[in-house]
Amino acid sequence: MKFYQYSISLNKPRGFHLITDLVVRATTHLNSVSVGMMQVFIQHTSASLTINENADPTVRKDFETFFNKMVPSDFPDFIHTYEGLDDMPAHLKSSILGSSVQIPINNGELCLGTWQGIYFCEHRDFGGNRNLIITIWGN
Amino acid sequence: MKFYQYSISLNKPRGFHLITDLVVRATTHLNSVSVGMMQVFIQHTSASLTINENADPTVRKDFETFFNKMVPSDFPDFIHTYEGLDDMPAHLKSSILGSSVQIPINNGELCLGTWQGIYFCEHRDFGGNRNLIITIWGN
Amino acid sequence: MKFYQYSISLNKPRGFHLITDLVVRATTHLNSVSVGMMQVFIQHTSASLTINENADPTVRKDFETFFNKMVPSDFPDFIHTYEGLDDMPAHLKSSILGSSVQIPINNGELCLGTWQGIYFCEHRDFGGNRNLIITIWGN
């Protein structure tokens, strides 16, 4: 069985960003896997990963707008506030969206649907560098 | 190591649907895996998968009611609206719930708890056909 | 390929609990995996697992406060109420957060970021014993 692991680093402004191409370029052994699985994992708790629409950038804008409304930075009952008003909402969004995505591999390619892409979701105002671990395995 | 992949297609009305039996029937090599893992992946961005209570249908009704309240179709700040009022909420619900579930396999069976079932979550009014990729691997 | 599976049982009060050390102690073959993956799966539908900040306990308190506000027990439209007011919110939180986490393994250790820990999230007032299945695989 094949098992490969890669590490990449990102630095993006707050918001939702399409990173499918970046991930595929980093997984240099992807085309040697005939049936398998890919996981992308983010090593942080105030940024996250998800899969969503890869075409219209307004979808990603609406994600940012909606999540800011759903998890408001002025929620009056937060007690973990000393790292900034954007910190606790970032932790919550990170767990709601998740810290990894798993995508099946077939014939050396990701089995993404036509409209699916991988989103990197930066929830902090100044998140800095973010490390991602990509793991692929299969036959 | 064994690696098997299956593809199934669904067409269900908007709402939350139990698909455990359908998934198990499709994975014809499940009983040959002694220790392993199953992933079910949906190739769409306005429908999703999750694991929840497999017994009382009112739970699935309450899921639909609650998610419609949590992600309202009349949210005034959405800008991605040209695909219908049910489209942007469907994208958001899809990322909140997730596009895959992973379930351990032991002795040829899924390690689901007594009350656990796999939900297929159709978030659009007329979602049409939805493709699922099921992958199992193990020894 | 190596494939190991472990089962552990937990009984914790309602709230968010850090269980990284417990999980690592249970996976006795972890240090024999050079490149691989770990999954932790919870066999229940009113408790969940997520990854978040492992340092300040106020983060976990804010998780409990915020999720109780986001999924209120007095939501007037719930029809699945006969198992108690904390039951339906527990099912919803469970699907929003998810029933499993997957963490890459490198050189016999989990690839968690500095601030990442595994949370066990008990959403019921009296959840009782909860079973977790931990699976690791790799080379």
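Scanning the range A:72-101 for residues that are open to solvent by less than 10 Å² (accessible area, probe 1.4 Å), within 20 Å of A:Leu49 (Cα to Cα) and within 7 Å of another protein chain (Cβ to nearest Cβ) yields A:Met88, A:His91, A:Leu92, A:Ser94, A:Ser95, A:Ile96. When restricted to residues that are surrounded by 18 or more Cβ atoms within 10 Å (Cβ to Cβ) and hydrophobic (A, V, I, L, M, F, W, C), the range A:19-34 contains 4.
Taking the range B:47-66 as the range and being facing another protein chain (nearest Cβ under 8 Å), over 12 Å from B:Leu18 (Cα atoms) and open to solvent by less than 20 Å² (accessible area, probe 1.4 Å) as the test, the residues that pass are B:Asp62, B:Phe63, B:Phe66. Against the conditions (1) open to solvent by 10 Å² or more (accessible area, probe 1.4 Å); (2) farther than 25 Å from A:Ser95 by Cβ; (3) of a type in the set (Val, Ile, Thr), B:Ile134 satisfies every one except (1). Within the range C:102-139, the set of residues being within 12 Å of chain A (Cβ to nearest Cβ), aromatic (Phe, Trp, Tyr) and over 22 Å from B:Ser100 (Cα atoms) comprises just one member, C:Trp115.
The values are calculated or read from the model by the stated rules, or taken from the named source; none is laboratory data. A quick note: this is a predicted structure, and the numbers were derived from the prediction, not measured. As a convention, Cβ positions derive from the backbone with ideal geometry for all residues, glycine included, and neighbour counts pool all protein chains shown. Side chains are part of the model used for accessible areas, which takes the heavy atoms of the whole protein and leaves out ligands, DNA and RNA. Shrake-Rupley method; radii C 1.70, N 1.55, O 1.52, S 1.80 Å.
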